[in-house]
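Before any comments, here is the structure.
The values are calculated or read from the model by the stated rules, or taken from the named source; none is laboratory data. Values in this document were obtained by computation on a predicted structure and should not be read as measured data. Glycine also receives a Cβ, built like all others from the backbone with ideal geometry; neighbour counts cover every protein chain displayed.
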Amino acid sequence: MKTRSRAKGWTATAILAAALLAAGCREEVPTAGSAPEAPSGPRAEPVHIESEAAFEQVVLKAEQPCLADFYSDSCPPCRKLAPTMERLAARYRGRALICKVDLDAAPALAASYKIRAIPAVLFFRNGGEVLRLVGLRRQREYEQVLDRMLE
């Protein structure tokens, strides 16, 4: 995959990566020579959000359904949920957006969304919260919600 086009400058992928980084997101961006973006390629990763501006730009303005995992690195159940979020990101790649919202880096988001316990997984569509699941759940529960949102 090319990150620069000789005739037209930056590709859409490079522009998106720059915008995400500027907004405070951490996401691995494929570089020249990496595998294609097809689901059979490298494992997809959740988008990491570390600021209110990034949350607004990525989650609230998402065109796809969005799962936002509100977590803290100091929370053992949150750490246990991390591999599930990675699997969901791979499974729903291109159909739904999977995000991890770092409450240590953006504590105001916890107050804004009345997060009282973590992990808290909120589902968004068209910029609005549609459902939340609090506490550690099975992967299938998250999949059921995402599947309903994608119908």
Which listed residue, of 103, 97, is closer than 17 Å to residue 129 by Cβ, surrounded by 19 or more Cβ atoms within 10 Å (Cβ to Cβ) and free of Cβ contacts under 8 Å to residues at least 40 places away in the same chain: 103
Might you check whether a residue that is at pLDDT 50 or above, under 23 Å from residue 120 (Cα atoms), out of contact with any His (no Cβ under 6 Å at 6 or more places or on another chain) and crowded, with 18+ Cβ neighbours inside 10 Å occurs anywhere in segment 18-30? no
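When you look at residue 78, is it buried (at least 19 other Cβ atoms within 10 Å of the Cβ) and touching an Asp or Glu at 6+ places or on another chain (Cβ under 9 Å), yes or no?
yes
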Selection from segment 48-94 of residues that are farther than 12 Å from residue 146 by Cα, without any contact (Cβ under 8 Å) to a residue 40 or more places away in the chain and polar (S, T, N, Q): 57, 74
Restricting to segment 81-94, count the residues that are farther than 16 Å from residue 134 by Cβ and surrounded by 20 or more Cβ atoms within 10 Å (Cβ to Cβ). 3
Is it the case, given these coordinates, that residue 45 is among the acidic types (Asp, Glu) and either buried (at least 17 other Cβ atoms within 10 Å of the Cβ) or within 17 Å of residue 146 (Cα to Cα) (or both)? yes
